[in-house]
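See structure below.
The values are calculated or read from the model by the stated rules, or taken from the named source; none is laboratory data. Nothing here was measured: the structure is a model prediction, and the numbers come from that model. A quick note on method: Cβ atoms are made from the backbone with ideal geometry, for glycine too, and the neighbour counts reach across all protein chains shown.
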Amino acid sequence: MYDLIIIGSGPAGLSAAVYAKRAGLNMLIIEKNPVSGGQIIDTYEVDNYLGIPGVNGFDLAMKFREHADKLGAEFADGTVTKVEVIDKGSDTKAPVYKVVTDAGEYETHTVILATGAHHSKLGVPGEEEYTGKGVSYCATCDGAFYKGKVTAVNGGGDVAVEDAIFLSRFCSKVYLIHRRDELRATRILQDELFGLPNVEIIWDSVVKEINGEDKVNSVHIENVKTKEEKDVTVDGIFVAIGIHPSTDLFADLLECDEKGYVVASEDGATSMPGIFVAGDSRKKRLRQIVTAVADGANAVTSVQDFLVGKEK
């Protein structure tokens, strides 16, 4: 029986593990991937994590994992298939949850969900090869690397338009590639976008291939109406066609918003007593490494407060 089980070993999960061990909790972190770190292991360079500018994403993930290992955090490999309520508990008694994985079952009094989110991908040749080398899914994370360069954004919703506006502030040229002849973004964002002199919208077009050598140097696009194809020279492309929280498993257990994000405030407390959420799977405005790490710390503090005075 554990005091706490953390599901997921990205920045939020590893931060929670560090704080849990320092709090003296009997804890376990379950990870489904062979390497800890979540999305940052695929990031070529992280330049906005305080105090460690220009660090390779994989190296930063390893630093996070080493910190948790140094404190003696217990890890288990496995994909979680179900979280069951064994005992709801009471004001004086801690609840009991069973976490079922494809490799075993575990019981715990509290759970922190740190399962993160995943970006929708184009699924075209070159996308995987150049991820972190010109292909990015986060303009606020990686945009600063493209100062004075030419970039493209793929998408037509609020996020895509916001990314294009953001990039226009320091890129010499920004292409917005959209498969339709009108944007889905809110009108106020569209009006701002249309007024930018260094943004060009490529309508009715889809990316068919991403090309490069050591890094991206062009995208091959097709007009869906005329079927005309051409190459557009760019230094990088930002894919903004959607992000989905990895919370399907908990949709029937916890309150989630219309997009699937678990509803919780900064303390991480969910609609189910004893279950907390941290990182990109939580409903919030900003999803960055620094906010995920903060979420992990806040969630463990909430776990401690929750368990105080409860019989285990």
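Let me confirm something: among GLU105, GLU128, which residue is free of Cβ contacts under 8 Å to residues at least 24 places away in the same chain and outside the structural domain of GLN190 (by TED's automatic domain parsing)?
Just one listed residue meets the conditions, GLU105.
Of (1) more than 23 Å from GLY57 (Cα to Cα); (2) within 18 Å of the chain's Cα centre (by Cα); (3) surrounded by fewer than 22 Cβ atoms within 10 Å (Cβ to Cβ), GLY132 satisfies all except one. Which?
Among (1) more than 23 Å from GLY57 (Cα to Cα); (2) within 18 Å of the chain's Cα centre (by Cα); (3) surrounded by fewer than 22 Cβ atoms within 10 Å (Cβ to Cβ), GLY132 violates only (1).
Name the single residue, out of those in region 94-118 being under 25 Å from ILE40 (Cα atoms) and buried (at least 17 other Cβ atoms within 10 Å of the Cβ), that is farthest from the chain's Cα centre (by Cα).
Selected residue: THR101.
When residues of region 184-195 are filtered for being part of a loop (DSSP other than H, G, I, E, B) and within 29 Å of the chain's Cα centre (by Cα), how many remain?
Count: 3.
Residues of region 287-309 being out of contact with any helix residue (DSSP H, G or I) (no Cβ under 8 Å at 6 or more places or on another chain) and of a type outside the set (Phe, Trp, Tyr), which ones?
Answer for region 287-309, where residues must be out of contact with any helix residue (DSSP H, G or I) (no Cβ under 8 Å at 6 or more places or on another chain) and of a type outside the set (Phe, Trp, Tyr): ARG287, VAL290, THR291, ASN298, SER302, GLN304, ASP305, LEU307, VAL308, GLY309.
Could you grab me the full set of residues in region 29-62 that are free of Cβ contacts under 8 Å to residues at least 60 places away in the same chain, over 30 Å from TYR106 (Cα atoms) and among the charged types (D, E, K, R)?
Within region 29-62, ASP59 is the sole residue that qualifies.
Filtering region 138-170 down to residues that are crowded, with 24+ Cβ neighbours inside 10 Å and not small (Gly, Ala, Ser), which residue is nearest to LEU189 (Cα to Cα)?
VAL161
Would you point out which residue out of ASP204, ASP181, ASP191 is at positive phi, in the same structural domain as ALA139 (by TED's automatic domain parsing) and at pLDDT 95 or above?
Just a single option satisfies the conditions, and that option is ASP204.
So how many residues does region 274-285 have that are touching a residue at least 40 places away in the same chain (Cβ under 8 Å) and either surrounded by fewer than 16 Cβ atoms within 10 Å (Cβ to Cβ) or aromatic (Phe, Trp, Tyr) (or both)? Don't jump to the end; show me each part of the working.
Of the residues in region 274-285, the ones touching a residue at least 40 places away in the same chain (Cβ under 8 Å) are 274-281.
In the following step, the residues that additionally are either surrounded by fewer than 16 Cβ atoms within 10 Å (Cβ to Cβ) or aromatic (Phe, Trp, Tyr) (or both) were identified as 276.
So the count comes out to 1.
Looking at (1) farther than 22 Å from ASP248 by Cβ; (2) out of contact with any strand residue (DSSP E or B) (no Cβ under 8 Å at 6 or more places or on another chain); (3) part of a loop (DSSP other than H, G, I, E, B), which one does TYR49 not meet, given that it meets all the others?
(2) is the only condition that TYR49 fails.
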